[in-house]
Amino acid sequence: MDAGSLLRGMTEAQSQAVQHVEGPLLVLAGPGSGKTRVVTHRIANLLHQGVPDWQIAALTFTNKAADEMQLRLERLAPGREVWMGTFHRFCAQLLRRHAAMVGLKENYSILDAKDSLVAVKRAVQLAGVSTSHTSPERIANEISSAKNQLLTPEILLSQNLNPLRAVAAQVYPVYQRQLLIANAVDFDDLLLHIANLLRQNPEMRQQLDARFRFLMVDEYQDTNLAQYAIVRALSIDHPNLSVTGDPDQSIYGWRGADVNNILDFEKDYPSVTCIRLEQNFRSTPTILAAADHLIQHNRRRKAKRLFTDNLDGEMVVLRHFVNNYQEADGIAEEIIRAMAEDGASLGDFAIFCRTNSLTRSLEHSLRSRSVAYQIVSGVAFYQRAEIKDLIAYLNLINNPDHDVALGRVINTPPRGIGAKTVEHLQRYADQQAIPMLEACREVDQIVDIKKRGKTMIKKFVDMYDLIASKFAVPVMDQLKFVIEKSGYGKHLDAIDKESEGQSRRENVDEFVNAASEYDRKNPEDGSLEGFLEQVALISDTDAFDDSGQAVSIMTLHACKGLEFPRVFIIAVEDHLLPHERSRDDEAQFEEERRLLFVGMTRAEQWLQLSYCKSRAMRGDLRPAIASPFLNELPLQDMRQIESTPRQDWFDNEFDQSSQFDDDMPVFQVSDRGSASSADSSGDDSFDFGANQAAVDEFPEIQQDTSDVQKPADEPSPSEAAKAKAASFLNSVKTAADLATGASAPLTAYRKGSRVMHESYGEGTIVKVSGRGPKCVAKIAFADGEHDFRLAFAKLQLLDD
């Protein structure tokens with residue numbers, strides 16, 4: 001394809017980015033601005049300019065993004081083999097070439113999060129530290145955080161540490177030593193090892209800098225310190241570094257990403273060319289305006305003027321539900337309506353939520369209406385017990401030193417090798433500083449293991465040697481051989497010959513299909529090692545099925561990089577979005593706002609945000625408060641729907657109004673598309689503003705805002721959020737009242753009250769215990785006494 005064809009149909013800004021060749025380049029790409037097209041066309045232009053394909057590398061954060069780039073480049077420049085892949089895959093392949101430099105072998109294994117936790121638990125035991133005030137999970141998180149900050153065990157131990165990190169500092173070196181013995185790394189090691197190698201070996205760094213003269217990084221706003229260090233090291237001699245990203249879409253701070261990497265790019269590379277992609281090709285003007293209105297409340301960003309030439313669409317919907325069950329039913333009904341009346345298909349719809357725990361009621365509502373859906377979580381399939389078992393077998397074949405894998409399969413299927421025997425094996429392996437498989441081969445030397453246990457272990461070793469003998473065959477054949485010779489296939493059949501066993505068998509068959517697909521795509525250079533690396537580096541969005549046969553349900557983090565004609569964002573509520581952990585941290589609070597911005601900008605034609613007055617959480621129906629972010633939307637331009645008539649009564653035990661001024665505006669939602677303060681007559685209109693008296697009721701929140709410029713008299717985001725939340729509380733009934741939909745508050749149900757139940761008839765309350773949503777009444781009916789939780793009982797209070 002010639003240069004003219006590469007630029008056809010592009011905006012001026014896109015053309016400038018595509019034609020840039022030498023020197024650093026920063027492309028600030030707003031949502032839906034065609035950045036993937038720009039990146040692939042720029043690569044094609046570099047190839048057209050004579051740059052060898054092996055001197056170009058494009059780094060992404062998901063396999064899906066890398067595959068999409070590869071597919072587009074193949075159409076633009078057929079047969080050219082430019083390296084494209086994720087950061088972790090890039091580092092994994094570099095590490096295989098230089099494994100010996102960090103004490104590993106080329107066939108090292110990559111532990112997933114669960115296997116890493118198993119290794120951490122073992123390291124905790126070996127380190128002899130107490131976990132009475134912490135947990136292995138928290139220790140693992142601290143070690144991961146240290147690695148992302150490029151802190152080795154030695155550096156960490158030398159620092160002044162808080163109690164949790166001090167415990168992690170004792171476990172960290174033991175954990176790393178266990179990984180080396182097992183010839184294994186965790187995800188963070190892939191980055192840490194390469195960053196350290198580049199820093200400690202100038203010659204290696206220079207060779208790789210020359211090898212990848214043109215380095216491109218997508219989603220640069222999501223890089224952490226280790227990734228930043230790697231990119232910097234590879235663009236010193238040849239600073240042809242091109243980064244694409246958007247500070248407004250930085251949503252991974254919780255895993256070490258630093259938005260300052262992109263904000264300070266112009267300081268790192270003073271000669272940079274900066275190009276802004278501000279035209280949106282995805283969303284309607286109404287959706288884009290709402291999202292842009294929201295994100296402008298963030299301070300730590302690069303100013304952009306988002307615009308679109310798309311036709312005007314429907315107004316963004318803000319919908320208020322009584323509870324999450326009504327919310328789920330309302331969404332399911334809207335999907336059915338849109339399919340029947342608007343010609344929409346299942347694949348047009350996506351439902352986003354802040355956390356996975358919010359999907360249960362949605363799934364129930366969709367299932368009950370026979371609406372097909374998919375939970376987008378690629379990792380989930382590979383975390384199923386039967387799949388992890390088979391992966392462990394393959395890992396042990398590829399890497400005989402893999403102790404975590406051996407621990408999983410040594411008695412799976414059951415072979416009569418008990419936990420005590422495995423414990424003796426581990427202790428012997430630790431004492432001899434050898435892998436557990438080697439300890440199995442030396443089982444006769446372990447006096448604590450009884451004769452029968454030794455016999456079973458020897459049989460296991462014989463089985464292992466048999467399945468390992470097929471090492472050079474295609475991965476699918478290797479996997480089938482393992483399933484047969486290990487006895488695992490018969491084991492699955494024996495678990496349950498009916499539903500559950502069949503389901504597990506189907507999962508195993510799907511895993512075999514994945515191996516077959518890998519063999520098909522890698523006929524020349526495929527290997528068991530490569531297949532395991534691919535499996536280890538899978539991400540949530542890799543499992544996204546875009547065939548259009550199902551509604552997609554996913555977290556806001558998982559929706560990054562996707563787009564849908566119709567989007568629902570649920571539970572836009574305080575303590576959920578923004579998450580409760582962000583309330584006292586300005587940086588985290590801004591990231592929560594960015595997360596909502598990302599979700600909103602996935603929508604092409606139609607967008608609905610919803611919140612509830614109560615939500616089932618951790619077994620209880622709890623009062624909910626609308627998110628303060630809703631106050632930052634252009635409400636006058638949105639369609640606002642109140643799903644139920646306003647109720648003018650409260651459960652006194654949960655009435656929060658006494659905390660605030662009587663004249664505080666009451667938050668209500670109207671379908672008239674306008675916002676105003678509710679007057680004393682109880683008008684159904686609303687106002688999102690907070691009365692200053694309510695603001696003063698909240699204790700002052702101390703924050704370190706030294707790096708943020710703001711007026712002295714302006715409240716912090718957390719203070720402002722609490723003030724906005726306060727303005728909603730007057731309209732929030734108790735969760736119990738909202739759940740019942742009754743005609744009287746719970747406090748009206750007293751001892752001696754007469755009630756009517758649809759099944760038991762008339763009765764008399766003989767006892768009332770508990771408070772609020774947990775209030776229980778004992779009621780005497782003609783057939784005897786029965787207990788009812790008033791929050792959920794279908795009772796009618798009769799006149800005395």
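May I ask for the Rg/Rh ratio of the stretch 381-542, computed from Cα atoms with Rh as the Kirkwood radius, given to two decimals? Intermediate values should be presented prior to the final figure.
On the way: Rg = 16.5 Å, Rh = 16.6 Å.
Ratio value, two decimals: 0.99.
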Response to the item:
Going residue by residue through the stretch 404-412, the Karplus relation 6.51 cos²θ - 1.76 cosθ + 1.60 with θ = phi - 60° gives ³J(HN,Hα) values, rounded to whole Hz and with x marking Gly or Pro, of 5, 5, 4, x, 7, 9, 4, 10, 10
Practice prompt. Can you give me the three principal axis dimensions of the stretch 1-145 from its C-alpha atoms, in Å, biggest first?
Written response: 67, 34, 26
Worksheet item: For q = 0.12, 0.17, 0.24 Å⁻¹, what log10 I(q)/I(0) does the stretch 109-182 give under the Debye formula with an equal point scatterer on each alpha carbon and no solvent?
Response: -0.27, -0.56, -1.15
Worksheet item: Using every alpha carbon pair in the stretch 168-277, what percent of pairs falls into each 10 Å bin from 0 up to the bin containing the largest distance?
Response: 13, 38, 32, 15, 3
Item to complete: Provide Rg over Rh for the stretch 753-797; use the alpha carbon set for both Rg and the Kirkwood Rh (inverse mean inverse pair distance).
Response: 0.93
Practice prompt. List the residues whose amide H sits under 5 Å from the amide H of Gln374, counting only those 5 or more places along or on another chain, with H placed 1.01 Å from N in the peptide plane.
Written response: Val551, Ser552, Ile553
Worksheet item: Can you work out the base-10 log of I(q)/I(0) for the stretch 380-438 at q = 0.13, 0.27, 0.31 1/Å, using the Debye formula on its C-alpha atoms alone?
Response: -0.35, -1.12, -1.24
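Once the convex hull of the C-alpha atoms of the stretch 546-588 is built, how many Å³ does it hold per residue, rounded to a whole number? Could you put the intermediate results ahead of the total?
On the way: hull volume 3.9 nm³, N = 43.
In the stretch 546-588, the Cα convex hull volume per residue is 91 Å³.
Kindly rank 267-277, 517-527, 579-589, 317-327 from highest to lowest mean number of other beta carbons found within 10 Å of each residue.
On the way: 267-277: 15.5, 517-527: 12.4, 579-589: 17.3, 317-327: 22.5.
So the order, starting with the most tightly packed, is 317-327, 579-589, 267-277, 517-527.
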Discussion item. In whole Hz and in residue order, list the ³J(HN,Hα) couplings for the stretch 509-524 that follow from phi through the Karplus curve 6.51 cos²θ - 1.76 cosθ + 1.60, θ = phi - 60°; x for Gly and Pro.
Written reply: 4, 5, 5, 4, 4, 5, 5, 5, 5, 4, 4, 5, 7, 10, x, 9
Discussion item. For the pairs Lys267/Lys302; Lys388/Lys454; Lys420/Lys451; Lys105/Lys470; Lys105/Lys458, flag any whose C-alpha to C-alpha distance is greater than 22 Å.
Written reply: Lys388/Lys454; Lys105/Lys458
Worksheet, complete the sentence: Mean Cβ-within-10 Å packing, highest first, puts peptides 49-59, 400-410, 163-173, 125-135 in the order 400-410, 163-173, 49-59, 125-135
Worksheet item: Of the listed peptides 230-239, 551-560, what is their order by residue-averaged count of other C-beta atoms within 10 Å, with the highest listed first?
Response: 551-560, 230-239
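Readers should treat all values here as calculations from the given coordinates under stated rules, not as data from a laboratory. Everything quoted here is computed from the prediction, not taken from an experiment. Cβ coordinates were reconstructed from backbone atoms using ideal geometry, including for glycine residues, and neighbour counts include every protein chain displayed.
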